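These notes are about the structure you will find just below.
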Amino acid sequence: MRGHRRFGFRRKHHRRPHGLCLSDLQAGEKALVTTIGGSEHFRIRLMEMGLLAGDEVEVSKYAPLQDPVELIVKGYHLALRVRDAAKIGVERIDD
């Protein structure tokens with residue numbers, strides 16, 4: 001662990017919303033946003049980009065190294081870091 005601090009790597013513990021998170025979904029799955037956690041600045045930024053609680057999102061794809069994740073929200077594509085997607089609680093929608 002000592003060497004990791006030297007290079008700036010730290011383990012960060014993020015509080016996850018209860019239940020399923022957006023980062024838990026696979027490509028092609030759809031979900032309904034239930035909660036948005038994180039700081040107030042983060043929640044406002046998502047709201048400015050059009051992602052609100054109650055919206056339907058679809059996971060389009062993950063980047064080759066699994067970060068970021070590309071989402072389809074209201075007909076447009078939105079890329080989020082996986083650690084930010086872990087702050088968003090969702091409910092899976094069955095087709």
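The values are calculated or read from the model by the stated rules, or taken from the named source; none is laboratory data. Remember, predicted model here, so these are calculated numbers, not experimental data. Note: ideal-geometry Cβ built from the backbone for every residue, glycine included; neighbour counts use all protein chains shown.
Of all residues in segment 21-51, which are in a loop (DSSP other than H, G, I, E, B) and over 11 Å from Ala85 (Cα atoms)?
In the first step, residues of segment 21-51 are kept if they are in a loop (DSSP other than H, G, I, E, B); the result is 25-29, 37-39, 49-51.
The answer is Gln26, Ala27, Gly28, Glu29, Ser39, Met49, Gly50, Leu51.
If I filter segment 45-59 down to residues being surrounded by fewer than 15 Cβ atoms within 10 Å (Cβ to Cβ) and more than 15 Å from Cys21 (Cα to Cα), which single residue comes out as farthest from the chain's Cα centre (by Cα)?
This residue is Glu48.
Output the qualifying pairs, or none if there are none: Cβ atoms under 7 angstrom, residues six or more apart or on different chains, first residue in segment 64-84 and basic (Lys, Arg), second residue part of a loop (DSSP other than H, G, I, E, B).
Final answer for the pair search is Lys74/Gly50; Lys74/Asp55; Arg81/Asp67; Arg81/Pro68; Arg83/His14.
Within the group Tyr62, Tyr76, which residue is surrounded by 10 or more Cβ atoms within 10 Å (Cβ to Cβ), at pLDDT 85 or above and closer than 22 Å to Arg92 by Cα?
Details: Tyr76 fails: surrounded by 10 or more Cβ atoms within 10 Å (Cβ to Cβ).
Exactly one residue qualifies, and that residue is Tyr62.
State all residues of segment 85-95 that are under 8 Å from the mean Cα position of the chain (by Cα) and either part of a loop (DSSP other than H, G, I, E, B) or free of Cβ contacts under 8 Å to residues at least 12 places away in the same chain (or both); if no residue qualifies, say none.
Selection gives Ala86, Lys87.
Name every residue in segment 52-62 that is in contact with a helix residue (DSSP H, G or I) (Cβ under 9 Å, 6 or more places away or on another chain) and in a loop (DSSP other than H, G, I, E, B), in order of residue number. It would help to see each step written out before you state the result.
Here is the first cut: in segment 52-62, the ones in contact with a helix residue (DSSP H, G or I) (Cβ under 9 Å, 6 or more places away or on another chain) are 52, 57, 59, 62.
Across segment 52-62, the qualifying residue is only Leu52.
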